1. Which value results when the Cα radius of gyration for region 1-51 is divided by 2.2 N^0.38 Å?
2. What distance in nm separates the simple spin-label points at Arg113 and Lys55, each placed 7 Å from Cα in the Cβ direction?
Amino acid sequence: ERLVRHFGEFLHRYVRVHVDWVARYTDRTFALVLPETTLLGAVRAAYRLRGILNKAALPGAGSPTKLKLSFGISALDEVSASLLPDTRSLTDSAEGYLREAVRTGPDRIIAGRPQLPH
């Protein structure tokens, strides 16, 4: 629990103030919401965060951190207002990408766009 709390605090230091936000999603999962970031930008951010974390010393993780970090990323780039998916579609697709990342091995980043309404 202590490590998870410190991990969340770490994430807060690496997101843009008054733009992005971090929330604990499940026991060991965090949601990073980057509303002004493209899919490619979110993937780059995930790689950057993973690299920084692998060099960090988080209490309870040893030094440097030996965490296996997987990311599932769902993002919208340019979509017309009539095709915007709801929040549930975004979170469901991010969860699906995360499950795939975890299933295929540690330290994976899998990203894509949510299913849009027809």
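1. Normalised Rg, Cα atoms only: 1.12.
2. Here the modelled spin labels are 3.4 nm apart.
A short reminder: the numbers here are calculations on the coordinates, not readings from a lab. Owing to the predicted nature of the structure, the values given are computational and were not obtained by experimental measurement. Note that we place each Cβ from the backbone using ideal geometry, even for glycine, and neighbour counts take in every protein chain shown.
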